[in-house]
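The values are calculated or read from the model by the stated rules, or taken from the named source; none is laboratory data. In this text the structure is predicted, and so the values were computed from the model without any measurement. Cβ: placed from backbone, ideal geometry, glycine included. Neighbour counts: every protein chain shown.
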Amino acid sequence: MKIKGKVWVLKDKEGNLISDIDTDMIFHNRYLAITDINEMGQYALDNLEGWEDFPKKAKKGDVVIAGENFGSGSSRQQAVDCFKALGIALIVAKSFGAIYKRNAINSALPIIEARNIEEIEATDGDEIEVDIDTGLIVNLKNGKKTYAKPFSKVQKEILEAGGLFEFAKKLDV
């Protein structure tokens, strides 16, 4: 299975991938009263300096690239749901916060860890293709490649089912 999309590379003012983007930066607690998932997307990355306008620019099928420890902090489900509301196809990061990783997988938001993601030299607007079975990531603009940790069998099954609850229904337990 392959995921292809236009990328948004979360970099700071110095041009470095931003690491330690916590759930408060992804979906600030001032919006926690919002319960409709469809409304959450407009606040994605609202509290991350330089990325406040991300929801206005992002399109369905886009891919987000970030540094280490993406989604650290609380178990805030809205930090996953806001990207689902925008139709983000995939989040690629050097690593993920443990709770965020579990929430994303359970909610069928595709995420993949690529320790050497800088090797593809992606910039905003480039298109990448990610093979979730092999972990191969290709920047289709410049041909640069790297590898991510491929999806596990269970992660892929949960994604294909549409989330953990749908996956569990198929188990007929």
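If you scan the range 123-145, which residues turn out to be outside any loop (DSSP other than H, G, I, E, B) and in contact with a helix residue (DSSP H, G or I) (Cβ under 8 Å, 6 or more places away or on another chain)?
Within the range 123-145, 128, 137, 138, 139, 145 qualify.
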*Just name the residue that is modelled with the highest pLDDT out of those in the range 146-162 that are out of contact with any helix residue (DSSP H, G or I) (no Cβ under 6 Å at 6 or more places or on another chain) and either crowded, with 18+ Cβ neighbours inside 10 Å or within 18 Å of residue 6 (Cβ to Cβ) (or both).*
148
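Within the range 90-108, is there a residue that is of a type in the set (Lys, Arg), touching a helix residue (DSSP H, G or I) at 6+ places or on another chain (Cβ under 7 Å) and under 20 Å from residue 72 (Cα atoms)?
yes
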*Top-ranked residue of the range 132-145 - restricted to ones that are buried (at least 18 other Cβ atoms within 10 Å of the Cβ) and modelled with pLDDT of 95 or more, ranked as nearest to residue 74 (Cα to Cα)*: 137
_Tally of residues being more than 25 Å from residue 85 (Cα to Cα) and of a type in the set (Phe, Trp, Tyr) across the range 110-157_ = 1
*asked:* Just to be sure I understand, how many residues within the range 5-45 are more than 17 Å from the chain's Cα centre (by Cα), in contact (Cβ under 8 Å) with a residue 40 or more places away in the chain and in a loop (DSSP other than H, G, I, E, B)?
replied: 3
